[in-house]
Each structure stands twice: as C-alpha cells, then as structure tokens.
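For reference, the structure is listed below as structure tokens.
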Amino acid sequence: MNRSSALLLAFVFLSGCQSLAPVSPDATSPVEDSTSAPEKPKVYSSFSEDTVFSLLSAELAGQRNRFDIALDNYVTQAINTQDPGISERAFRIAEYLGADQAALDTSLIWAKNAPDDLEAQRAAAIQLARAGRYDDSMVYMEKVLQGKGDTHFDFLALSAADTDQDTRNGLMKSFDRLLQKHPHNSQLIFGKALLMQQDGDAKEALALLEQNPPEDGEVAPLLLRARLLQSLNRGKEALPLLEKSIRKYPDDKRLRLTYARMLVEQDRMEDAKTQFSSLVQQYPEDDELRYSLALVCLEAKAWEEAKGYLEDLIARESHEDSAHLNLGRIAEELNDPQGALIEYGQVGPGNDYLPAQLRQADILMNNGRTDEAQKRLVSARDAQPDYAIQLYLIEVETLSANNQGERAWKVIQQALQQYPDDMNLLYTRAMQAEKRNDLAQMEKDLRLIIQREPDNAMALNALGYTLSDRTTRYAEAKTLIEQAHQLTPEDPAVLDSLGWVNFRLGNLDEAERLLRQALERFPDQEVAAHLGEVLWNNGKQREAKQIWSKFLKDQPDSPVLRGTIKRLTGSETL
C-alpha cells in the first residue's frame, strides 16, 4: 500500500472516532436531514501526516496481533498530540495488554485533556491507585464525585490492602477530608469501612456502616457488614441481615451466595443446601455453584443427591476430576470399594490426583490386595514421573499404616536410591527408622536434613521429641525443640514436644502450661495422653482421668491412651 492510499484510509478511520476533539465550527458542513433538525457540525482536529500514518500503522498492527507496535505508536501519538481521543484509545490498548506504566501515562494525558469527562478522571484515579499514588488518586476521584459520577473508593481502599501502615494512614486522612465535604456519601463511607477492616478495626467499621445505612440498590455495604459480624463471632446476627436483604433483592447472586456460605460455616447444611439449590436454579450454567451444592450435599450426607450433581458435572465436562474423587468417597461411604476404585481410577493429573491414588492404595491394602496396590503405584510412577516422589511417599505411608513395615522400608530405600537428595523422602525414612527402633539411622537422616535446611522446624522438632521420649539426652532435645519453637511458635506439635521435654526435665508446671496450649490448638490423642500424664504426676489425677475419658470416647482403641493409662494406673480401663 502506498503512503497516499494509507493516508486516505486513515482519514476514513479517524472520521469515525467520536472522541476526536472538534475545532472551529466552520471546518466542515453538516449533512442536513429533511425530517430532523440540523445537527451541530462535527469537526475533527487536524493531524500531521506522520501522526495519521502512525495511527493507521497501529491499527493494522493490531489486526495482525502485533499489539506491541500498536501500543507503542498510540502512546507516542498520545504524548505528541495530547488528543483525548487518541490518549483514550492508547489507554484502552495498554489496559487490555496489562501494560501498567503505559496505562498510567495515557490515562493521565486523557484526564488532563478531557477535564469534564468523568470516565477519564476515573481511569486516572484507578491507575494512580494501582501505582500506589493514593493521594494523587483521591484528587481525580474527587472530580468524579463532584461530577456525581460512579466513584470507585472501594477500589482505592482494596488496592491499599498490601501497602504499609503509613500509606493506609495517609489514605484514611484523605477519606476523612472528603467526608467532611460529603458526610453522607455512601461510596466514601463504604471505602472508609473497608480501610478500617484492613486495619483490624472491625468494630469501628461495623459501627460506621450501621450508622450510615446504604442507599437503595447498594449491596456491597450489606455484604461487608455481614462479613464484619462474622469476623466478630456474631455470625448469627449476620444471617437475619442477609435474609432481609435477600427479600429486598431476591435476584442478587452475591447476597444469596454469601448467605449460603455463612449457613455452611454455621453447620446448617440443610438450609445451605436449599440456598445453593436456589442459586443453581437461577444460574443453571454456573458449574461452580453446582459443584458447591454437591459438596454441601456431601457434608449433609445426602449421598444420592450429591451423586446426581457430581454426575451432572461430569456430563457437562466440568470439575471432572473432583467429581470422580467425590464419587469415589461416596462409594466408600456406601460400602462399595470396587465402585470407589473405578471412580478414583478416572482421576487424572492435577490437584485431585494424589488423593485419588492414596485412596486406591488404602482400599486395596485394607482388602488384602497389597501386591495389586503396589503394582498400581509402580504403574502410576511410570505414567506420571512428575508425581514419582509423592507416589513413593503414598506407598510408604499406606504400607506402614497397614502394618507392612518391612515392605515400607524396602520402598523408602528404593526411593532414596533414585532421589537421594529429597528432603521429604529422607524425613520419611527417619520416621520409618524410628518405628524400627533404629534411632541411629533416624538421627542420621534428621541431622542431614537440618545440616542442609537449618530452619527446617519439622526436622528439628522430630529429632528433639524423639531424643526426649526415647533417650535421656534431655538438654540436647530441649535445645532442638526450642529452635523449632522459635521458627513456628504456634505449631501445636512443637508445643507438645516442648511440654514433653519440660516434663522429662521435671518442670511440671511449665509442661502443663505448654501441653494445655497444644491440646487447645490440636485436640489429639497423643497430646491428651501427654497432658494427662503430666497432670497425674502433678497431683491432678481426677482431671487427668477426665481428659483421657473424653478422648477414649472418640478413640476407644487408642494404643497411646491405653498404654499411658495402664502404665500409670495398672489397668487399661479408668
């Protein structure tokens, strides 16, 4: 195409751009319509030949998927011409491509040259917020507010979530400044409430929203109010609020979905099932809702209903792996191990693959088909080499759980021959060695892990606990466990170990304090056994028996609990 032809086409293209700025009224003549009043003349800015050619080149580049050229040309011409139409087009391209700096630059040019265009001012405000320039952003958003346009103060607040406290404090001052001018503006109030929530001021945020009810049609403040109530452990108050809102806005998806999820959190599965069912009827093409409904049915133990929804998902080719995994779980619940194996066998690589492999192995081993289970896992490793290490771990753990310790040892040795530097395999061998009473091998593997990963809290804790439980090296054990505790101070397993080593050292009160914390965070039979033993030795036998009795109700055959009780009382029964 020669340059003259290109320019002619460019002028045709440009004449269709409504956003090009008009100049003098006599530059063009309107076309009169005999049946309507004459239009005001549309007159477009005159551009240089180079500008027109650059813009045409940009459009042609875009048609050929050379968006880099299109963006570069448009940004250049937006800067050169300062034309609002060109800068808007440049901004749209930059936004589409995720070119953040170009989007910011062109939005500012657009806003500068179209001061009365609320969309331009809003675009500049949002881009400035994305760049972390919140004070500048508020200046542009205030222009939108003054023009009575739709502001996005909520976006400004949300975009500041990951910033430092000083930045959020500055943004809060900007909100307060604008609220002095516009004290009843619901968008400003909502944005400030979001900032308060981010700062952990849930009570203050809730009070602000309750003092300033949203305008009709504003649902987001209602949702935030419900979430704040939930975060303050007042979820039962959130439900009536959402119920009232749903009656007012029955077709609002967000309201009903939030309500349904809160019902799940409060363990009201039948009510949640009703709400998710209603959502699926309203939005029959939304498979996320259908999958959620299936999971709620599973929680409610409505096996046949869950099965129907999961089979629907498979027919719709949506969530297929998760559907097969959950159909396998249903089959297990219905005592159909063969059906479960069929479902688990259809789960492909992805998030659900390893859980399906684990369940297959466990079912087969529980039914005396250990050889078949191992053959399947070997085949799986051959077919999916990316999962080989995890599949080795599954094989070892399921063999060990099914009292096949020698086979488990052979498999972990084989795995480490193939992957000698894998920390998870080394840790697993250490745990298997401990079960074989091979404490030397266990310590060797754990110290190798700690040498390579000094901050591996799991290895530090495992070695420290074993030394405190199986040897008399208590001081050394305490040092290791304290290192783990510094790394993971809230980990109940570490708290349990720290409590146990203090018991071994005779620090009964400190041991009791730590073990109570551990049991509160993780109600486990072994922690209960430890706490009971400490209480027993600290003159609190009645409380020790109460704790043991409570956990025996859930696990009457627990060897840890029964062994502890027999050792201390002379009988396995209380």
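Descriptive notes on the structure:
- Candidates A207, A238, A226, A260, filtered to the one that is in contact with a Gly (Cβ under 9 Å, 6 or more places away or on another chain), part of a helix (DSSP H, G or I) and of a type in the set (G, A, S): A226
- Of note, A161 satisfies the criterion of being within 16 Å of M196 (Cα to Cα) and either among the small types (G, A, S) or touching a Pro at 6+ places or on another chain (Cβ under 9 Å) (or both).
- Index of the failed condition, G200 passing every other in (1) free of Cβ contacts under 8 Å to residues at least 40 places away in the same chain; (2) part of a helix (DSSP H, G or I); (3) within 20 Å of the chain's Cα centre (by Cα): (2)
- Subset of the stretch 377-421 [β-branched (V, I, T) and crowded, with 19+ Cβ neighbours inside 10 Å]: I394, V396, T398, V411, I412
- Some residue of the stretch 295-308 being within 23 Å of the chain's Cα centre (by Cα), closer than 19 Å to H324 by Cα and among the charged types (D, E, K, R): yes
- Matching residues, the stretch 499-558, being among the small types (G, A, S), touching a Phe, Trp or Tyr at 6+ places or on another chain (Cβ under 6 Å) and closer than 23 Å to H485 by Cβ: A511, A528, G532
- D72 at pLDDT below 95, part of a helix (DSSP H, G or I), farther than 30 Å from G170 by Cα and acidic (D, E): yes
- If only residues of the stretch 162-196 that are β-branched (V, I, T) and in a helix (DSSP H, G or I) are counted, the one that is modelled with the highest pLDDT is I189.
- Every pair of residues 6+ apart whose Cβ atoms lie under 8 Å, when the first sits in the stretch 178-192 and is at positive phi while the second is loosely packed, with under 14 Cβ neighbours inside 10 Å and part of a helix (DSSP H, G or I): none
- The single condition among (1) closer than 27 Å to Q266 by Cα; (2) crowded, with 20+ Cβ neighbours inside 10 Å; (3) touching an Asp or Glu at 6+ places or on another chain (Cβ under 9 Å) that A220 does not satisfy is (2).
- Qualifying residue in the stretch 84-104 (condition: touching a Lys or Arg at 6+ places or on another chain (Cβ under 7 Å), in a helix (DSSP H, G or I) and over 30 Å from K181 (Cα atoms)): yes
- Any hit, the stretch 264-274, residues being closer than 30 Å to P183 by Cβ and buried (at least 20 other Cβ atoms within 10 Å of the Cβ): no
- A count restricted to the stretch 225-256 and to residues that are within 24 Å of G191 (Cβ to Cβ) and surrounded by 20 or more Cβ atoms within 10 Å (Cβ to Cβ) stands at 9.
- Qualifying position, being under 28 Å from E443 (Cα atoms) and touching a helix residue (DSSP H, G or I) at 6+ places or on another chain (Cβ under 8 Å), among L535, L568, L552, L495: L495
- Criterion: under 16 Å from I394 (Cβ atoms) and of a type in the set (S, T, N, Q) - qualifying residue of Q346, Q338, Q374: Q374
- Taken together, S322, S278, S292, S318 contain a single residue that is among the polar types (S, T, N, Q) and outside any helix (DSSP H, G or I), which is S318.
- Yes/no for K307 being out of contact with any Lys or Arg (no Cβ under 6 Å at 6 or more places or on another chain) and not in a helix (DSSP H, G or I): no
- Residue within the stretch 41-56 that is over 27 Å from S137 (Cβ atoms), among the hydrophobic types (A, V, I, L, M, F, W, C) and modelled with pLDDT under 50 present: yes
- Residue match in the stretch 494-514 (condition: hydroxyl-bearing (S, T, Y), over 15 Å from N461 (Cα atoms) and under 37 Å from the mean Cα position of the chain (by Cα)): no
The values are calculated or read from the model by the stated rules, or taken from the named source; none is laboratory data. Model, not experiment: these values are computed from the prediction. Here the Cβ is made from the backbone with ideal geometry for all residues, glycine too, and neighbour counts use every protein chain on show.
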